[in-house]
Amino acid sequence: MSVGKSVTRTEGRDKVTGAAKYIDDYNYPDMWYGKTVRSEIAHGRITSINFSDKFDWSKVIVVDYKDIPVRNIVAMIFDDQPLLVESVVKHVGEPIILIAAPSKELAEQASHNVEIVYEKLPAVLSIEESLAVKAKIFGDDNIFKHYTITRGSVEDAFQSAEVIVEGSYFVGHQEQLYIETNGIIATYEKDGSLIIQGSMQCPYYVHRAMKEVFGLSDEQVVVIQTVTGGGFGGKEDFPSVVAGHAALLARKCGHPVKIVYERGEDFAASTKRHPALIRHRTGLTRDGQLLAAEVDIIFDGGAYCTLSPVVLSRGVIHAIGPYKCPNVKINGSVVATNTPPNGAFRGFGVPQACFGGEMQMENIAKTLGISPVELRRKNMLKEGDITATGQQLLYSVGTQEVLDAVLERSDYLSRVEQYKQENLLDNKRRGIGLSFFYHGGGFTGSGEEKIKGKAAVELDPHGQVRILTASTEIGQGTKTIFRQIVAEELGISMDLVVFGETDTSKVPDSGPTVASRTTMVVGRVVQMATANLKQEITKLIAQKVGCEASQVEIKNGQVSWPNSEAISFTQAAIDCVKENGAVKTLAQYSSPPGIKWDEINYTGDAYPVFSYGADVVEVEVDMDTYEVKITKVITASDIGKAINPAMAEGQIEGGMVQALGYGLCEEVVWKDGKILNNRFTNYIIPTALDIPEMETILVEKPYPYGPYGAKGLGELPMDGGAPALVAAIANATGAFVTEIPATPERILSALEAKQL
Amino acid sequence: MSVKLSVNNKDYELQVAPMKRLLDVLREDIGLTGTKEGCGEGECGACSVFIDSVVVNSCLVPVCQTNGTKITTVEGLSNNELSKLQQSFLDYNAAQCGICIPGMLIAAQALLDINPSPSRGEIREAIAGNLCRCTGYMKIVDAIEAAAIGDRG
Amino acid sequence: MVTVHSVQELSQAYKILSQESVKVIAGGTDLMVLYTGGLSLPNNILDIWQLNELRSISEEQNYLKIGALCTYTELINDKKVKEFAPSLVSASRTIGAVQIQNRGTLGGNIVNGSPAGDSLPVLAAFDAELELGSARGTRRVAFNEFYTGYRQTVLASDELLLNIFLPKQQEKEKSDFYKVGTRAAQAISKVVMAVRATVNDNKIESIAISLGSVAPTVIRARVTEQMLTGAEITLELIEQAKTALSQEVKPIDDIRSTEHYRRVVTGNLIAKFLRGF
């Protein structure tokens, strides 16, 4: 019926006609504009704030931390991040003063007339400086969080290992670079209620944050998500900051206030992917069987904690890839530096861990002289095997399938041979690289139990089925996928199913739109709510006509019961609502049976299920300029079930290009804690000419507890692209780059180091 | 200053600051918000429009240079029906978050107006100035290719 | 208050230039980025976008006469440019993307004077001449004498760049253009090079090597050129050229690349050019 079909996007027509309204497209007649004055140094104490008398301050409203009525915090995990600086500045770009004015130009002009004077303090600008406690930014040791995962005994296993391979890898910041910058419009009503509209992934995160800042009740805050032009995690928690600022201004000036970030500002001030230093020490048999894996992974969290512990958690759990290893020791920390706090970016710790892990596998293959394919086959997890945290993989393990698929489609083994022999005339070298990876779906351990995500479906008076969920559409297809699930569950046409407005006063808290959980977890809750609706409708009809509920059939868009002509679902729904009033059913998440996670010892079932992937990337390296041309990209992804194959492919292709950018050209350049390349001109993401044709293979090993077998999809594509690319570069040139992006400059350095 | 221009076949006479960006004039003075700002520096192409049938970044054009010109924005690509290109973008799931799509459609239409049978390589070159973060470009190229073939067929 | 004078005739432009201090704007692809980025708008702006007499391309004996307002798209599509200045077409195709090529002008690239201007090495390698005009008359200046320092030119405050006289590439000549950027489109160059040589019987009769992004202005590598002129192309010469050129350039570490990388790649590119004979 609808599930498994590539139906067109629900909101597609608006998007191709320019009718879709993003936050900056909204304007209200009495609206004012907000501007943020930010710190220009990485660490210091504010000694004075001077407002120039060359500017007429009566024309604008100024807000500082003293205007915050209840709590000056950005609510997350530790509540250490202030919404506005009080006296100590901990990173460049930290918000200090807010200005609202009737026009953008006036607000901008006012912001140039504020002078902030600081007493500078020593700034911690790297993981090394943080660990050495060059200055105390968080607690006494600058460590936000630490986790250890232990299995067996690595010390004993290293004794008996025939070979030990060590490697050290580094990944830098990556900027989400959604094409629509952050934006919020806040309206603070006279009755004390607050309406927030804007670009975001998690309306209930913003809702909670506003309640904390302003001391408001659930009903007094309404958060409405507008069409969002990309998020990728960058709009998971950061919109709470923008919303808090806009709301403070709106409250003080008595007008709706719009804050839309200019690109350079958004880049400089908002969250990024955590950099990480990853060290591996691996003990193996001579023929490549893993015996012991020791990993140290240190993430740079920036100045405040935000969600760093959760990124760390995922990073340590995925530090060893989808491989069997009886003895494991993973030490992970996330530390504080005087840089803008890092946050969520698709993958959330796994792209970092996977770069280290897969480059280590490449390193091992090279050291042992065995094929990268053989190494994966020898060690890969299969159904029934046990992971590093001691989780037995009971179902939906597509490891062999994705590896086989990608190797076959890419003709990997012949290519390797071909490139070995090749000697191209125009001084170019070709190579091929492989990566193999997995990604746990949903929140770690008991996370989903804590969230208890809810969704509802209701019949409306016109006979339509309306989906009520806080899961947001950010381009990944939520509005369409959920409609497909509901239509399939009821056996009706998708035309009869509508997606309710993402407004916290109208929809229940489904949990955030993150962690590859939208289809797998919330989609399942939507499916359950729909099953409940089906039951409710049959019950109401049965009561009315005097039969058993089991005798009422809802099938193929029709509703029938004994001794009666079948009627259309629409008619039955209209009648139901007319006779009974609102018909609405809810469902709430419950874990699949048998999931056990030990939060203290970090062992057990980390995720209900993993998704699996394998990538093959081919490159051509110009040996005169060391520029890399990506010539072929093939991915295979086990996502359980593609509810909408075209949308699944679209997510995989998009994620893969972000991953290739991460590996090839995306680098944040810093000086004294300030970002130098905070614009599109000098922060390089791939254009259509930088990316070749890509082949996307969907593998479906159904997950029994996901809707129609679906499991996590959104982040998996981000994990394997960078190591596959860097492995291809190594294959082509012999240059083993251990820090990404693998720019031509780094490739040149690696080649020169090899010659020494 | 006073500027006279035609946008999507409708005439306008505006009193605007001469160096105001065409992008802002379209979005604010005329109220056509389909054209987007992504970067403010001519890199991302989200602000692409036609000026006298030539595709440009409207964030880089001062309105004083548009006097007497005919401008087409994304809103002008369809009448009551979607253009072949717009329909193709729907059929091939070329739009995800959608923010790059108005600019993408203009650049794609510019290509098809000059080259009705582009190769996939020529399509990529034509949209090289339109950055997309969601799609990886594949389905956008598919959609443009299909629209071109559809036109020929 | 910002005043913009939009002119359709040169005489109008000259008058304004001689009377007031104005900033000249053509396609705006450089200037508008600066203004959006926070650079204050000047009080007086001369908008020359409609000076159509600066848009023509014609042959004048051994030169191509190219109007300063020709856009990169116009250069790419012009038959004469394709035939007589293929390296200029190559350079134009690497600039930005189609939206930029439709508005960016050759004159703007020259007057803006960025050391990374992609068309500049071609003009330098071919010893182009620039025609400058004002109310006082016109004059011709060698392109290679136009820059006096980083973004500094000999253009007087009342002058406009009118035309570029680009010597046609001769049959016996081979020219090449290399741009090493940060990606395949919409990229500022890390190293950009134009080479032009006449080689007979494996002997270099003449050679011109010009580079951008490796010094405060576009440069001609005169020392390396001299070393190569009259020499026979051997593997040894190619190695010598590599070393000489990578030492002659003066690159720096910057936001896009490193001094070392630029030196190495510069050497590799001249070797690549010479290997082609």
For C:LYS168, the aspartates and glutamates lying under 15 Å Cα to Cα, once residues fewer than eight places off in the same chain are dropped, come out as C:GLU59, C:GLU60, C:ASP78, C:GLU83, C:ASP127, C:GLU129, C:ASP176
Once the mean 1/r over all distinct Cα pairs of the range B:84-152 is inverted, what Kirkwood radius in angstroms do you read off?
11.5 Å
Where a Cα-Cα gap under 12 Å defines reach, which aspartates and glutamates qualify for B:LYS4, not counting those fewer than 8 residues away within the same chain?
B:GLU13
One quarter of the C-alpha convex hull surface, i.e. the mean projected area of the range B:2-76 in nm², amounts to 4.1 nm²
Could you compute the FRET efficiency for A:TRP57 and A:SER217, with r as their C-beta to C-beta distance and R0 at 35 Å, rounded to 0.05?
0.55
Hey, how many Å between the Cα centroid of the range A:5-61 and the Cα centroid of the range A:437-483?
28 Å
Which GluC sites (Glu not before Pro) does the range B:65-153 hold that lie in a coil by DSSP with at most 14 other beta carbons within 10 Å?
B:GLU81
Net charge of neighbours whose Cβ lies under 11 Å from the Cβ of A:PHE348, counting Lys and Arg as +1 and Asp and Glu as -1
0
Cβ-defined net charge surrounding A:GLY302, 10 Å radius [Lys, Arg +1; Asp, Glu -1]:
+1
What FRET efficiency comes out for C:SER18 versus C:ARG55 if R0 is 30 angstrom and r is the Cβ-Cβ distance? Round to the nearest 0.05.
0.80
From the square roots a ≥ b ≥ c of the eigenvalues of the alpha-carbon gyration tensor of the range A:365-501, which class results: rounded (a/c under 1.5), prolate (a/b over b/c), or oblate?
prolate
Just the C-alpha atoms of chain A: what Rg/Rh do they give, with Rh taken as the Kirkwood radius?
0.99
Quick check: from the Cα gyration tensor, does chain B come out rounded (a/c under 1.5), prolate or oblate?
prolate
Other-chain or far-sequence residues with amide H under 5 Å of C:LYS23's (modelled H):
C:ASN44, C:ILE45, C:LEU46
So what are the ³J(HN,Hα) numbers for the range A:464-478, from phi and the Karplus equation (6.51, -1.76, 1.60; θ = phi - 60°), rounded to whole Hz, Gly and Pro as x?
8, 9, 10, 8, 10, 8, 8, 5, 9, 8, 10, x, 7, x, 3
Listed residue pairs exceeding 29 Å between alpha carbons, taken from A:LYS629/C:LYS80; A:LYS104/A:LYS190; A:LYS329/A:LYS420; A:LYS420/A:LYS629; B:LYS84/C:LYS79; C:LYS250/C:LYS272
A:LYS629/C:LYS80; A:LYS329/A:LYS420; B:LYS84/C:LYS79
Quick one: which residues, 5+ away or cross-chain, put their amide H under 5 Å from the amide H of A:SER2? H built at 1.01 Å from N.
A:GLU488
Which loop-located GluC sites (Glu not before Pro) does the range A:593-681 contain, where loop means any DSSP state but H, G, I, E or B and the Cβ has at most 12 other Cβ atoms within 10 Å?
A:GLU599
Could you list which residues have their amide H under 5 Å from that of A:THR631, counting only those 5 or more apart in sequence or on another chain, with H placed in the peptide plane?
A:GLU618, A:VAL619, A:GLU620
Rounded to whole Hz, the Karplus (6.51, -1.76, 1.60) HN-Hα couplings of the range A:610-615, x for glycine and proline:
10, 9, 10, x, 9, 10
Cα-projected label distance for B:ASN9 with C:ASN202, points at 7 Å along beta-carbon direction, nm
6.9 nm
Using Cα positions and a limit of under 19 Å, work out the lysines in reach of A:LYS539, with same-chain residues fewer than 8 apart set aside.
A:LYS555, A:LYS578, A:LYS584
With θ set to phi - 60°, apply the Karplus curve 6.51 cos²θ - 1.76 cosθ + 1.60 along the range A:302-307 and write out the HN-Hα couplings as whole Hz, x wherever there is a Gly or Pro.
x, 6, 10, 5, 5, 9
Looking at chain C, which longest stretch skips every one of the trypsin sites (Lys or Arg not before Pro) that is in a DSSP loop with at most 14 other Cβ atoms within 10 Å, leaving the sites themselves out?
C:1-135
Spin-label pair B:SER53/B:ASP29, simplified geometry with 7 Å Cα→Cβ offset, distance in nm
2.6 nm
Within the range A:126-198, DSSP-loop GluC sites (Glu not before Pro) with at most 13 other C-beta atoms within 10 Å are A:GLU162, A:GLU189
Listed here are the pairs A:LYS632/C:LYS179; A:LYS66/A:LYS235; A:LYS90/A:LYS134; which of them are more than 18 Å apart at the Cα?
A:LYS632/C:LYS179; A:LYS66/A:LYS235
Distance violations [Cα-Cα > 26 Å] among A:LYS534/B:LYS139; A:LYS671/C:LYS190; A:LYS21/A:LYS258:
A:LYS534/B:LYS139
Among beta bridges that DSSP assigns inside chain A, antiparallel share in %, nearest 5:
75 percent
For a distance above 24 Å, tell me the whole-number percent of Cα pairs in the range C:1-147 that qualify.
33 percent
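Every number in this text was worked out from the coordinates using simple rules, so none of it is lab data. The shown structure was predicted, so the numbers you read here are calculated from the model rather than taken from an experiment. A quick note on method: Cβ atoms are made from the backbone with ideal geometry, for glycine too, and the neighbour counts reach across all protein chains shown.
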